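Colleague: Pasting a structure below so you can have a look.
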Amino acid sequence: MPLPPPRRPGHYRVTLVCLGNICRSPMAHVVLEQRLADAGLHGRVSVSSSGTGDWHVGEPMDDRAAATLDQAGYDPTRHRARQYDETEAASYDLVLAMDSANLADVGGRSERVRLYRDFDPVEPGADVPDPWYGGSDGFDTVLELVERTSEALVTELSGLSGLSGQSERSAP
Ligand code: 4NP
């Protein structure tokens, strides 16, 4: 399914939602921002993240999530957890839930509300498994999933008209 058009021409707002906003959506947030910067889309696409639960509001990322990102060369230090606010669905161009429970918690699927892994080229429509209760392997898996899915998402965003990082030239 194609991406919904920007609500405001020239800028696109994406938000990523998980349960606690200290593991999955923050990891996806940091990786997606890096990929957007690499593609020259940093100023044209903004990213945020939140959790449906309020337990960790104001806290930095989970230490295991931060260590996994850090080892892979990303900066995990700027994140602070936020709680999802139901008015957000009306202000973002795209709300991406990390798993099907998160999708249900934000009101279910619609044109602008989807699963993050709908964009996964390998296993589209799958959940990003919650790594919170497991060992560090779970965080490595999350990183692998978010790296490949972010790349595919940036490719889609690059194709949206009016968002390209390249300047348009008129013919001489
Ligand atoms: P996240 O992981 O949704 O990927 O941030 C979790 C973090 C905290 C909790 C559950 C999942 N918790 O129950 O506090």
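Colleague: For the chain, what relative contact order do you get, as a whole percent, if you take Cα pairs closer than 8 Å and at least 6 residues apart?
Modeller: Reported relative contact order: 28 percent.
Colleague: Show me the trypsin sites (Lys or Arg not before Pro) within the range 7-78 that DSSP assigns to loop and that have at most 11 other Cβ atoms within 10 Å of their Cβ.
Modeller: For trypsin sites (Lys or Arg not before Pro) across the range 7-78 that sit outside H, G, I, E and B with at most 11 neighbouring Cβ atoms in 10 Å, the list reads ARG78.
Colleague: How high is the relative contact order of the range 46-133, in percent, counting Cα pairs under 8 Å that sit 6 or more residues apart?
Modeller: Across the range 46-133, relative contact order equals 22 percent.
Colleague: Based solely on its DSSP helices, what 222 nm [θ] is calculated for the chain when runs of n ≥ 4 H residues each add -39,500 (n - 2.57) and the sum is averaged over all residues, nearest 500 deg cm²/dmol?
Modeller: Helix-only estimate at 222 nm: -10000 deg cm²/dmol.
Colleague: Another one. Just the Cα atoms of the chain: what Rg and Dmax do they give in Å?
Modeller: 15.6, 61
Values in this text are rule-based calculations from the coordinates and carry no lab data. Keep in mind the model is a prediction, meaning the values are calculated, not measured. Heads up, the Cβs are rebuilt from the backbone with ideal geometry, glycines too, and the neighbour counts pull from every protein chain shown.
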